[in-house]
Amino acid sequence: MNNLLPGTLWRVVIRSAWRRPLQSILFVAGVALGVAMIVAIDLANGSAARAFGLFTESIAGRATNVIDGGPTGLPDALYTKLRVDLGIRDAAPIVDDYVQVIEMNAEPLHVFGVDAFAEPPFRNYLSSGSNNVPVAELTAFLVQPGTALIAEPLALQYHVKVGDTLTLRYAATRHTVTIVGLLRSSDSITEQALQNLLVTDISTAQEILGRVGKLNTIDLIVPPGAAGVAMLDSIRAILPAGAALQVAAAQGKAIAGMTDSFDLSLGALSLLALVVGMFLIYNTVTFSVVQRRPVLGTLRALGVTRIQVFGMILSEALILSALGAVIGLAVGVIMGRLAVGLVTQTVSSLYFTVQVRGVSVPPFTLLKGVVIGVGAALIAALPPAYEATTTPPSGTLKRSDIESKIRRAIPFLTIVGIALVVLSVALMSVHILAFNFGGLFFLLIGCALFTPLVMLVMMSLLREPLGMVAGILGRMAPRSIVRSLSRTSVAVAALMVAVSVIVGVSAMVGSFRATVEDWLSDTIRADILVTPPSVSANRQELPVDPAVATAIAGLPGVDSVTVARNVSVAFVGDPLPADLNAITADVSRGKRRYAWAIGDFNTIWEAMGKGGIVITEAFAAKRGLSVGAGQSVTLRTDRGDRTFPVVGVIYDYGSDQGSILMRDPVYRADWDDTAISTTGVFIKPDADLNAVITAIKATFAGKQELIVQSNRQLRASVLAIFDQTFAITSALNLLATVVAFIGILSALMALQLERTRELGTMRANGLTRWQLFRMTLLETGLMGAAAGLMSIPTGTALAWMLVFIIRERSFGWTINLLLRPEFYVQAVIVALAAALLAGIYPAVRMGRVQPSQAQRAE
């Protein structure tokens with residue numbers, strides 16, 4: 001643009017932005033908030049993914065392949081065969097799981113049991129040296145039983161010193177270890193990866209995790225070429241049934257990919273604020289052009305070309321958007337550090353345990369924020385910039401030109417809006433999630449383009465009724481809105497989009513919550529649930545001694561008990577393990593809801609006793625299984641690969657990856673596992689619930705650590721996790737509304753400033769400040785009401801798409817759409833409140849202008 005704008009015009013651009021600080025601030029704020037939300041969500045999602053990636057990479061080390069033992073593990077003897085019989089030296093046994101450290105506020109740490117002598121080819125954090133574990137500490141680790149190493153920064157955070165003991169809680173038991181050394185790293189990346197690690201000798205880990213004689217995995221380094229192929233063949237020949245030989249990185253990548261839908265959903269919501277901000281920017285630049293018509297007309301008359309006028313408007317937008325982007329980056333980093341806690345809590349609850357102790361700021365995230373923010377601002381500034389070039393010099397001085405053009409453009413805008421809504425429906429029919437989110441945006445933009453027509457019709461219909469109620473002011477307010485349709489319609493559209501999202505998301509979250517509540521009511525009918533303490537909501541497979549259920553069954557007031565074993569098993573053909581629930585009796589007592597089944601509950605239960613399984617709707621969706629007859633699932637058991645026929649598909653909301661329901665005898669026959677995970681307790685009709693809970697707690701006090709919850713307490717805890725999961729969604733909705741509020745404030749300021757002479761004349765003819773204040777608030781109230789009413793159908797369509805398309809395709813869950821009246825009442829109230837609050841300052845400001853000054857203003 002330097003070639004298009006001589007120095008004189010550059011000075012005009014800079015002076016214009018400087019002399020109109022409020023408009024400039026609003027422009028900058030619109031860009032800054034949009035960029036801040038994009039950067040914040042990107043940082044939060046990226047930090048969680050990076051923390052998990054660094055952790056899995058540090059655990060995998062230089063391993064190329066891994067032998068996985070499944071839920072029952074691998075026998076120690078397999079490692080001996082690899083080393084002795086096959087002569088494989090690059091093999092390292094691993095025993096690992098998550099524990100809670102009592103002295104660290106029940107912080108989840110990953111116990112990583114290793115053979116220190118087999119580790120060097122795989123991981124170097126046990127090597128001695130200035131940047132690793134000192135020789136004395138390493139010696140103590142090798143020779144003393146019950147010892148462990150933790151990362152130095154973690155030790156500093158919790159004031160743990162060498163020689164201190166830590167209490168580890170795993171399932172229902174506690175163990176103590178002595179810290180004999182600290183893990184140090186020469187680079188920050190490895191340091192972050194080791195933050196959640198507690199390294200022990202393999203025998204210590206086996207005792208803590210109750211896996212004496214068992215290994216979780218064996219890491220391998222396989223050479224490339226024919227030698228490697230021969231080695232893998234020889235390993236497969238000695239593998240026990242149930243063991244799987246996998247590429248080391250495959251499962252980690254698959255697990256990390258579980259959050260793709262979640263990340264995409266948050267990213268789409270963060271872009272929403274920028275879309276709303278574009279309305280604000282458009283309105284601000286349009287007002288700036290209208291306000292400077294005399295100047296632009298004079299410049300055009302003096303020989304300034306259309307291209308130079310166009311360049312002036314875009315140059316100003318570029319300067320202000322760049323400033324807004326820089327501010328947005330700073331705010332986004334701060335917001336990202338706050339949002340990362342919400343995101344990681346959700347990821348830990350729904351997917352896998354992850355701890356983020358630091359938020360890194362990748363340059364690409366910052367660059368993306370700047371490019372999107374500045375690009376969106378320039379796109380929003382294009383229409384008003386073009387408008388400034390299409391009016392001839394004489395016409396530039398006429399304020400009515402732009403309004404007459406917007407009137408003439410209403411049919412075109414309406415047709416484009418209809419086309420975008422049709423395009424939205426077409427994109428929704430494509431089974432690609434990114435296209436579906438694109439359809440949501442086109443729906444919102446298409447409905448926004450209906451705003452001028454709706455405003456014109458609505459204000460025309462309201463003019464006479466308002467005149468009868470509020471007199472002359474009631475007639476003037478709708479007319480003023482229509483006369484400035486180019487600005488009022490954009491502000492109303494921005495507010496409508498933000499409020500529609502509130503309606504749509506509130507309906508989706510409310511419907512989902514109600515569905516989950518109904519599901520909990522039907523699925524978990526036991527009076528009491530007894531489980532081991534878990535490091536996160538998604539960990540249910542921690543083992544408990546079956547004697548716990550036997551002891552509970554003998555307590556007074558207990559009618560019956562049912563036990564379940566929750567484990568992750570290998571699903572043949574999929575790197576992700578499958579969650580399997582083995583049950584002795586149906587805790588729902590036949591009340592589960594089926595999407596498809598071979599018959600009634602008794603028929604299904606009998607078929608399950610013969611080896612049939614029930615899968616969840618999400619399990620079928622994630623693995624491409626149709627909901628209907630003829631489906632089967634092949635699992636890797638301790639007896640080899642076995643195919644189980646599917647006899648039913650249930651609605652279930654416990655995991656978006658889905659799970660398998662199997663009868664306990666079938667599970668025990670194919671897996672060498674005697675532990676249980678959960679005990680459901682049904683009490684006698686005349687028993688006191690609290691008394692039975694107290695008796696259960698007393699029975700295991702000081703022996704085993706168990707969580708004993710009533711049915712009501714369990715539901716409350718599940719719903720608390722649900723609310724926590726959607727907390728960040730509510731925050732994004734609020735920020736989008738703030739952007740819309742700024743947009744309508746900008747429009748009202750434009751409206752009032754443009755009407756300065758008109759209002760001054762009215763004041764000179766007797767219009768009081770109070771009447772001016774009332775008229776302004778009436779105008780803003782009408783704008784807010786229009787936005788609220790338009791948000792009802794738009795928000796309803798958005799809710800339908802979110803529930804029946806986005807949510808189902810993202811997570812595989814069928815949700816019953818629940819459209820409560822309060823969702824719509826809330827929308828209208830928010831729209832009215834935002835508009836009325838935004839109108840207070842312009843009303844007060846114009847009331848202070850003296851009529852004589854207003855008469856001279858142009």
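At a glance:
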| quantity | calculated |
| --- | --- |
| Spatially proximal lysines relative to residue 214 (Cα-Cα < 18 Å; intrachain offsets below 8 disregarded) | 81 |
| Inter-part distance where region 161-185 and region 68-136 are each reduced to a Cα centre, Å | 16 Å |
| Mean separation of Cα contacts under 8 Å (6+ apart) over length of region 552-646, as relative contact order % | 24 percent |
| With 10 Å bins from 0: P(r) over region 474-587, alpha-carbon pairs, percent | 10, 22, 22, 14, 10, 8, 9, 5, 0 |
| Listed peptides 442-455, 227-240, 543-556 by packing density, highest first (mean Cβ within 10 Å) | 442-455, 543-556, 227-240 |
| Accessible area (Å², per residue) of region 533-636, counting only protein heavy atoms and a probe of 1.4 Å | 41 Å² |
| Residue 90 - accessible surface, heavy atoms, 1.4 Å probe, Å² rounded to 10 | 60 Å² |
| Length released on extending from residue 723 to residue 560, taking residue separation times 0.36 nm less the Cα-Cα span | 55.4 nm |
| ³J(HN,Hα) computed for each position of region 434-449 - Karplus, 6.51 cos²θ - 1.76 cosθ + 1.60, integer Hz, glycine/proline x | 4, 5, 5, 5, x, x, 4, 5, 5, 4, 5, 5, x, 5, 4, 6 |
| Per-residue HN-Hα couplings for region 642-656 [Karplus 6.51, -1.76, 1.60; θ = phi - 60°; Hz; x = Gly/Pro] | 9, 9, 10, x, 8, 10, x, 10, 10, 6, 8, 10, x, 7, 7 |
| Area accessible to solvent at residue 636, 1.4 Å probe radius, in Å² | 60 Å² |
| Modelled label reach - residue 765, point 7 Å along Cα→Cβ, region 451-475 residues with backbone N closer than 16 Å | 472-475 |
| Proximal lysines relative to residue 684, as straight alpha-carbon distance under 29 Å, when same-chain residues fewer than 8 apart are discounted | 591, 697, 703 |
| Listed peptides 418-426, 149-157 by packing density, highest first (mean Cβ within 10 Å) | 149-157, 418-426 |
| Inter-centroid distance (Cα atoms) of region 443-475 relative to region 481-539, Å | 30 Å |
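The values are calculated or read from the model by the stated rules, or taken from the named source; none is laboratory data. Predicted model, so just to flag it, every value in this text is computed and none were measured. Glycine also receives a Cβ, built like all others from the backbone with ideal geometry; neighbour counts cover every protein chain displayed. Each accessible area value is taken on the protein alone, full model and side chains, heavy atoms only, with ligands, DNA and RNA left out. Shrake-Rupley method; radii C 1.70, N 1.55, O 1.52, S 1.80 Å.
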